């Protein structure tokens with residue numbers, strides 16, 4: 001149980017010697033150089049840039065982003081496995097920058113379990129307590145408790161190699177919780193498990209969180225895990241924090257195009273559009289169709305002093321509605337059904353709108369009962385629209401959300 | 001199609017038979033000297049030269065006489081030589097295992113030019129033949145007072161380090177770093193991480209390296225012969241070399257018997273330890 005504060009944390013990997021370029025073989029073109037989007041300064045490659053976060057006591061914070069975005073590096077800096085180039089890390093008010101990992105009172109669960117192969121499950125769980133010279137009776141009690149919580153009591157005398165992936169990960173979590181650390185760090189703990197087991201373990205982590213009162217920092221590249229587990233989500237890209245907020249917040253108000261695309265499955269649809277301003281009233285023109293914006297959006301745009309400009313309009317697949325033949329169809333866009341994916345309770349339609357792929361989610365019941373038979377088949381032209389209340393307006397130039405561009409999105413604390 | 005497959009299988013099995021025959025011949029050639037040693041150690045001296053590969057007959061069978069003669073013959077105590085051999089072998093192997101595993105761990109885990117240089121020096125030392133350095137070495141050893149059985153393990157450590165470090169570095173690199181990081185978070189200091197976490201995982205490599213070093217040191221003749229004062233200290237190979245009767249005659253039966261005695265401990269050790277070499281101890285530690 002502890003508060004973790006990261007202030008202006010930076011991680012820079014010093015420049016190493018430039019590797020000799022391989023000479024291309026005769027008749028073959030030279031390999032193109034791989035380019036990383038990470039910032040490179042005189043000091044080296046900036047893996048994490050100006051990271052600010054205050055994790056409250058017992059909060060569950062999830063760091064999410066594509067690979068190479070610096071989320072694991074940040075977690076490893078909290079664990080003490082990576083040095084901090086700049087900035088201050090405090091746990092419970094104590095600066096931890098130069099404290100050894102073992103003295104930070106943290107525990108960590110690794111993606112590949114990192115169990116001690118020569119020890120039984122019981123010894124694996126007891127190892128951190130033995131190192132802290134806890135009384136053997138107490139160790140036994142705590143190991144039994146942790147095994148009980150995680151349902152691994154029957155495996156206590158087995159070696160890790162005799163366990164399945166899910167069981168091994170439980171042991172790894174058990175080893176982390178057995179000594180009741182102030183902060184529990186998890187680095188993609190479910191990435192090695194198959195889809196079914198991952199869902200199951202995700203639910204167990206939620207239950208675990210209710211049982212043990214500690215602060216969690218969790219790294220994942222999976223937005224579903226981030227949305228379901230986190231009290232707050234930190235979305236990162238190229239070493240820079242893009243947005244910090246509750247799952248609902250980042251879903252409803254993405255700070256920029258990257259966040260809007262990263263959070264939500266299937267991905268948000270984007271359209272080239274024009275933001276029109278008529279006096280104090282804004283509207284959006286997309287594919288020749290005008291979309292009216294509700295008053296709260298108008299208000300925010302006015303407050304930000306947004307001018308008329310070409311924009312990228314975002315609409316989530318679940319917010320796009322297909323015209324069912326009833327009512328006015330003058331404000332409708334149209335597209336041809338390219339692919340129809342049956343997902344069970346819903347159908348994902350991929351529409352071709354002027355060469356652009358637009359995904360629409362339609363409940364299966366609607367496909368069967370609301371629409372005429374065959375109306376949504378591949379090759380059919382359908383009309384669709386979306387409400388002005390749920391669209392997202394992004395600047396073409398900066399890719400930032402025009403409604404929230406002047407707000408402090410890199411929230412230090414909610 | 002099926003016929004073609006059948007033909008392919010037949011050709012393959014014929015190839016296997018040819019290969020088996022060739023390998024069997026090589027095996028026989030390989031084992032022949034061993035067989036000769038075993039047979040001749042039970043034969044009377046006169047028959048060793050004349051009927052080298054014949055099994056002992058009622059006429060040529062010597063029983064345990066050769067062994068008794070071998071142990072008691074000569075002006076040096078056989079058991080003292082055994083004690084020196086055993087001490088030098090065990091001490092040298094222990095030193096090599098302890099120091100080279102630690103050095104290899106450092107070399108594998110610390111990415112610096114110093115480590116790379118040390119590593120390449122170790123590999124380089126493997127290709128330098130002993131004969132190239134032996135005279136300067138024996139002189140240096142005398143100057144540094146390393147010419148006793150108690151200090152010769154230090155010289156063995158130097159000569160054994162190359163191969164041992166090469167083998168250990170390869171294995172340490174295959175141990176996932178996360179296990180050591182987990183240990184660091186759980187509360188281990190680097191030294192403790194090495195002894196509590198890495199050494200148990202290194203066991204198969206330790207046993208492999210141990211077997212190689214023990215066989216080498218136990219059987220080594222040249223190094224102790226050059227370095228030690230052979231009047232005072234003899235290992236078993238030197239003892240066998242000095243096994244001469246009066247007027248310089250060599251009792252071949254007794255020599256064979258002693259050679260057999262000398263190789264038995266190594267073979268027993270190898271048989272006891274071989275199951276650990278096969279055992280993959282890191283299985284199940286991490287995904288993959």
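The values are calculated or read from the model by the stated rules, or taken from the named source; none is laboratory data. Not measured: the values here are computed from a predicted model. Here the Cβ positions follow ideal geometry from the backbone for every residue, glycine too, while neighbour counts run over all protein chains shown.
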> In this structure, does residue A:273 turn out to be under 27 Å from residue A:91 (Cα atoms) and at pLDDT 90 or above?
Replying inline: no
> Do you know which residues across the range A:115-129 are buried (at least 18 other Cβ atoms within 10 Å of the Cβ) and under 12 Å from residue A:175 (Cα atoms)?
Replying inline: A:115, A:116, A:121, A:122, A:124, A:125, A:126, A:127, A:128, A:129
> Out of all the residues in the range A:163-186, which are assigned to a loop (DSSP other than H, G, I, E, B) and within 11 Å of chain B (Cβ to nearest Cβ)?
Replying inline: A:163, A:164, A:178, A:179, A:181
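Has the range A:317-324 got at least one residue that is over 30 Å from residue A:88 (Cα atoms), in contact with a helix residue (DSSP H, G or I) (Cβ under 7 Å, 6 or more places away or on another chain) and either assigned to a loop (DSSP other than H, G, I, E, B) or not assigned by TED's automatic domain parsing to the domain that holds residue A:232 (or both)? Spell out how you get there, then give the answer.
Residues of the range A:317-324 that are over 30 Å from residue A:88 (Cα atoms), as a first pass: A:317-324.
Then drop every residue that is not in contact with a helix residue (DSSP H, G or I) (Cβ under 7 Å, 6 or more places away or on another chain), which leaves A:324.
Add one more test, that the residue is either assigned to a loop (DSSP other than H, G, I, E, B) or not assigned by TED's automatic domain parsing to the domain that holds residue A:232 (or both), and what stays is A:324.
Yes, because at least one residue in the range A:317-324 is over 30 Å from residue A:88 (Cα atoms), in contact with a helix residue (DSSP H, G or I) (Cβ under 7 Å, 6 or more places away or on another chain) and either assigned to a loop (DSSP other than H, G, I, E, B) or not assigned by TED's automatic domain parsing to the domain that holds residue A:232 (or both).
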>> What pairs come out if I take residues in the range A:365-381 that are in a loop (DSSP other than H, G, I, E, B) and pair them with residues that are surrounded by fewer than 11 Cβ atoms within 10 Å (Cβ to Cβ) whose C-beta lies under 9 Å away, six or more apart or interchain?
In response: A:380/A:374
>> Among (1) exposed (fewer than 10 other Cβ atoms within 10 Å of the Cβ); (2) over 28 Å from the mean Cα position of the chain (by Cα), there is one condition residue B:29 misses while meeting the rest; what is its number?
In response: (2)
> touching a strand residue (DSSP E or B) at 6+ places or on another chain (Cβ under 8 Å), outside any helix (DSSP H, G or I) and within 14 Å of chain B (Cβ to nearest Cβ), is that true of residue A:107?
Replying inline: yes
>> Can you find a residue that is out of contact with any helix residue (DSSP H, G or I) (no Cβ under 6 Å at 6 or more places or on another chain), surrounded by fewer than 17 Cβ atoms within 10 Å (Cβ to Cβ) and in contact (Cβ under 8 Å) with a residue 24 or more places away in the chain anywhere in the range A:239-249?
In response: yes
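Just give me the residues in the range A:42-79 being assigned to a loop (DSSP other than H, G, I, E, B) and farther than 20 Å from residue A:97 by Cβ, in sequence order.
The first filter runs over the range A:42-79 and keeps only residues assigned to a loop (DSSP other than H, G, I, E, B), leaving A:42-43, A:56-59, A:65-70.
If the condition is that a residue be assigned to a loop (DSSP other than H, G, I, E, B) and farther than 20 Å from residue A:97 by Cβ, then A:42, A:56, A:57, A:58, A:59, A:65, A:66, A:67, A:68, A:69 are the ones that fit.
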> If a residue has to be part of a helix (DSSP H, G or I) and either at positive phi or buried (at least 19 other Cβ atoms within 10 Å of the Cβ) (or both) to count, how many in the range A:259-281 make the cut?
Replying inline: 3
> Residue check, residue B:100 against (1) surrounded by 14 or more Cβ atoms within 10 Å (Cβ to Cβ); (2) under 28 Å from residue B:221 (Cα atoms); (3) free of Cβ contacts under 8 Å to residues at least 60 places away in the same chain, all met but one. Which one?
Replying inline: (3)
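A quick yes/no check of all residues on (1) crowded, with 19+ Cβ neighbours inside 10 Å; (2) over 23 Å from residue B:274 (Cα atoms); (3) within 14 Å of another protein chain (Cβ to nearest Cβ); (4) touching a helix residue (DSSP H, G or I) at 6+ places or on another chain (Cβ under 7 Å):
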{"position": "B:120", "(1), (2), (3), (4)": "no, yes, no, no"}
{"position": "B:126", "(1), (2), (3), (4)": "no, yes, no, yes"}
{"position": "B:135", "(1), (2), (3), (4)": "no, yes, no, no"}
{"position": "B:157", "(1), (2), (3), (4)": "yes, yes, no, yes"}
{"position": "B:166", "(1), (2), (3), (4)": "no, no, no, yes"}
{"position": "B:178", "(1), (2), (3), (4)": "yes, yes, yes, no"}
{"position": "B:197", "(1), (2), (3), (4)": "yes, no, yes, yes"}
{"position": "B:218", "(1), (2), (3), (4)": "yes, no, no, yes"}
{"position": "B:224", "(1), (2), (3), (4)": "yes, yes, no, yes"}
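Here is a list: A:140, A:112, A:97. Which entry is assigned by TED's automatic domain parsing to the domain that holds residue A:9, assigned to a loop (DSSP other than H, G, I, E, B) and surrounded by fewer than 17 Cβ atoms within 10 Å (Cβ to Cβ)?
The unique qualifying residue is A:97.
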>> For the condition within 28 Å of residue B:194 (Cα to Cα), within 12 Å of chain B (Cβ to nearest Cβ) and in contact (Cβ under 8 Å) with a residue 60 or more places away in the chain, what is the one hit in A:117, A:101, A:160, A:189?
In response: A:189
>> When you check residue A:132 against the structure, is it within 8 Å of chain B (Cβ to nearest Cβ) and surrounded by fewer than 19 Cβ atoms within 10 Å (Cβ to Cβ), yes or no?
In response: yes
> If residue B:229 passes every condition in (1) away from chain A (no Cβ under 14 Å); (2) crowded, with 19+ Cβ neighbours inside 10 Å; (3) not in a helix (DSSP H, G or I) but one, which one does it miss?
Replying inline: (2)
>> Here are the criteria: (1) free of Cβ contacts under 8 Å to residues at least 60 places away in the same chain; (2) touching a helix residue (DSSP H, G or I) at 6+ places or on another chain (Cβ under 6 Å); (3) within 13 Å of another protein chain (Cβ to nearest Cβ); (4) surrounded by fewer than 22 Cβ atoms within 10 Å (Cβ to Cβ). Tell me which single one residue A:153 does not satisfy.
In response: (3)
